[in-house]
Amino acid sequence: MKKLTAILLSLTLALSLTVPALAAPAPDAAPADGAYTVDGEAVPVYKPGDAIPISAIPISDMLNEMFPDSAGSIGVIGGADGPTSILTSGPLGSFNWDGLDLEGLDPDSADWSELEKQLQEVQQQLIDGQKQALGGVPGQVGVMVNGVYVKFPDAAPEVADGRTMTPVRALVEALGGEVDYEFADQKDSVRLFIDEYTINFTIGGTTAVRHTRGTDTGEADKTIEMDCAPYIKGGRTYVPVRFIAEALGYDVGWDSAYQTAVLLDREALTAQIDENFTILNKVQANKGPALEEGKNYVADVKENFTITLFDTLNENKTYKADLTGKQIFNADAASAQLSLKLSDNALDDLEKLLTEQYGADFEENAILFRAMAEGLDDIEVILTREGAAWFRAAALDELAGKDNVWLGQDLGAEWGELAFTSAGDTTIGSALTAMLDKNSVTSVVSLSSMTGMLSSLFGDGKFTTSGGVSTLTIGVDDLFDIYKDMGLSEEDMAEAKAAFKEYEIVMKVDGKGGTTMTCVMETAAQTGVPGMKITMDVEQADGNVTMDMNFHIANMGEIKVEVTQTQKATADKPMTEPPEGSTVVESIEPLAS
């Protein structure tokens, strides 16, 4: 069962994707001769019959694969029946397209090498431009702390023996600390004061000691081994970035494209984000139990899916799928029994489709396919906090040719810990910061825009509270407010808004985090896209959830989804491994007949 928060965020994202042309700059209106301009500059025009230099390959796909950060900077306007312009924006405008024809181009040829060279230059221009805009220095090793580049006024960081070394004073002061070079008459000794810690180390040494300031803290001194010794260069003390950052609990990564060490204090970032989402976090905390030690819980889930395909010439076709599940879990393990039943006509039509696609190859396995599909009504899953997982289904028995076969996998302790994170401990901030890639500058920078977008829709300031109930209403104008800073013209905004016939989300949250939500969205038919309507009603309280959703596409079909989940304490305990006598394998193939 998806979390209500995830439903809200996914819905908003899905709805925002229906807004046309928001991701790329629009070209200026084309004059009568068919020429286009971008920011007043003419772009190349190719008339029907002309050879278009880059038409032989999907250029945006190639850019995305070779250089992800440059994707979306090239667009094609027009087509075979009219003038075609190759549009560029930003640094890509300096790319030399003249005489470049990729028709039949050999990837090993000199021309292809030249293309790769030019694209790499373009990519570097994009990176340098963004790095400078973020406060970094192009061509210089950088250090970013929680999305902000550290300023190094008189000495630059450098890479020595594969380690990022940085002038200590600038880094420590950026972290809110102080540096002391003279204490206790110890030669070449340095002392750092950061937060509640004092860190002592010696120039040329590889051992540091971290003390907790204050008395009776209960925290013992910690000896830290550095894999690279601090040194003095140009009158400045250089220290390994990783040593200081990890001593203070930062997550440390390296973005080779941006030549930047990335430092993340996920706890601080989480707290900062959550300041503006206290109401939504109350909803999240109300989702389920806090997984108290020594207590067991049971959750029953029912999900019904109905898909109807409209056919005015013959008759509509309706397919059904029913999923039921019972999960017993505690803080250390979870086991579930699941059943997925497909309607007979769904199996018949799926079998027919596979037969048409694969012919005789599928016909030989049709009986096995039917047995496996029908075997989905008997599934068991076991998962432990250590990351050990087992899966059993009647379909596996069919493949293996014997009974009670379990497929075992080690998912790893990190994944296991994530799976058993208490609902009450998961917040909007922790969910967002958990997605950060410590090895990506753009991932960290995008956190700010993502947080801003969510805040503009679901932040505390968007709720009104009366009688202990906080109410949020999101209309189409609220949705489009997040695009105001994207440079869209009033005409473009009006045209995009006109696509919505109806749009409203209403969410009510009580003092304990119990929630009701209704949503309705209807769009008008557009060129090549039929009209559609989505309605949703959700109720959540103390881990119990009901949801009804209807997705209707004009003249094509509709999907109905009904979900109920109940949750309570139980005396039963989850399974922690397959029962005695089971056959546990890592792969089914060795047992297949």
- Query: Counting only the backbone N, which residues of the range 266-302 are under 11 Å from the spot 7 Å out from the Cα of residue 465 toward its beta-carbon?
  - Reply: 278-280
- To the nearest 20 debye, what charge dipole does the range 303-387 have about its Cα centre, counting +1 at the Cβ of each Lys and Arg and -1 at the Cβ of each Asp and Glu? 360 debye
- Message: What does the extension gain come out to for residue 370 and residue 246, with contour length at 0.36 nm per residue minus their alpha carbon separation?
- Response: 39.2 nm
- Which entries of 222/282; 320/402; 287/497; 282/560; 131/438; 295/320 show an alpha-carbon separation above 27 angstrom in the structure shown? 222/282; 320/402; 287/497; 282/560; 295/320
- Item | Selection of chymotrypsin sites (Phe, Trp or Tyr not before Pro), the range 215-287, meeting DSSP coil and at most 11 other Cβ within 10 Å | none
- Using alpha-carbon positions, what is the distance between the centroids of the range 239-267 and the range 529-593, in Å? 39 Å
- Note on the structure: Summed over the other residues with a beta carbon less than 15 angstrom from that of residue 393, with K and R at +1 and D and E at -1, the charge totals -3
- So between residue 546 and residue 339, what do we pick up on full extension, going 0.36 nm a residue minus the alpha carbon distance? 72.6 nm
- Treat each spin label as a single point 7 Å out from the Cα along the C-beta direction, and report the residue 114 to residue 527 distance in nm. 3.7 nm
- Once Lys and Arg get +1 and Asp and Glu get -1 on their Cβ, which of 316, 330, 283 lies farthest toward the positive end of the dipole of the range 227-336? 283
- Distance between Cα centroids, the range 357-380 to the range 383-440: provide it in whole Å. 26 Å
- Item | Amide H contacts of residue 379 (H built 1.01 Å from N, under 5 Å, at least 5 apart or other chain) | 338
- Going from the fewest other Cβ atoms within 10 Å to the most, one would list 280, 350, 399 as 350, 399, 280
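All of the numbers you see were taken from the coordinates with simple rules; none came from a lab. In this text, all values refer to a predicted model and were calculated from it rather than measured experimentally. As a convention, Cβ positions derive from the backbone with ideal geometry for all residues, glycine included, and neighbour counts pool all protein chains shown.
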